[in-house]
Amino acid sequence: MPSFFSGRQDIRPAGGFTLLEMLLVCAIILVMVATVSASMGGMVNRSHLRATAARVSTLAIFARSHALTSGRKVVMAVDPPQGEVSLLQPEEQSGELVLIDESWRARLPQDVAIDHLEIDGRQADQGEITFYAEGGAQSATIVLGTAGEGQNSRRAQRTLTINKITGRVKVE
């Protein structure tokens, strides 16, 4: 088709895209993928946090139930530096605390940490929460948090509270 200004014919096909248009579309897609992947990382961390809070809560519920049914105290050992929570019970002969079963040990994922541990109103670096045969327990608060990146990052947290009188667990 002749052009009015140059006298040359336009050789560009009628429905195609220029290289500049293609690069612009690729750049937009790249920005969208980067944004979505950044938010997905936070969702994965929060998902790990919810699952870990559920696992630790389950351990506490089992500790209370096991203490009630066995008629013996059960100890929930919380070790923040190791990122581990496990259930122990005294041996009948020696009274030494031993792991009930390997399945009653929870190792925290790398992106979840124990931010705060308080037993009977005192902050502790690590400790043991005792569940008694009568159904009560030592009062305790365990705060789990996601690993934050940088000073201004928002960290998600879940708080597990163990009631002294009933031994019941509340997750917030």
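Details
- Projected onto their three principal axes, the Cα atoms of the chain cover extents of 105, 30, 25 Å, largest first.
- A cut-off of 5 Å between modelled amide H atoms, ignoring neighbours fewer than 5 places along the same chain, links A106 with V85, S86.
- Listed residues T18, T58, T130, most fluctuating in the chain (Gaussian network, C-alpha, under 10 Å): T18
- Highest GNM mean-square fluctuation among V75, V85, V33, for the chain modelled with Cα contacts below 10 Å: V33.
- By the Stokes-Einstein formula, at 0.890 mPa s and 25 °C, segment 62-121 with its Kirkwood radius over alpha-carbon pairs has D equal to 193 µm²/s.
- Sorted by Cβ neighbour density within 10 Å, fewest at the top, the residues E134, E92: E92, E134
- GNM top mover of R155, R55, R46 - the chain, alpha-carbon springs below 10 Å: R155
- Legend: P(r) of segment 45-91 from all alpha carbon pair distances, 10 Å bins from 0, whole percents, reading 25, 48, 22, 5.
- Net charge over other residues, Cβ less than 10 angstrom from the Cβ of T52 (K, R count +1; D, E count -1): +3
- C-alpha long axis of helix 19-70 to longest principal axis of the chain, angle in °: 10
Read-outs throughout are calculated quantities, based only on the coordinates presented, and are distinct from any laboratory measurement. Model, not experiment: these values are computed from the prediction. Please note: Cβ atoms are built from the backbone with ideal geometry, for glycine as well, and neighbour counts cover all protein chains shown.
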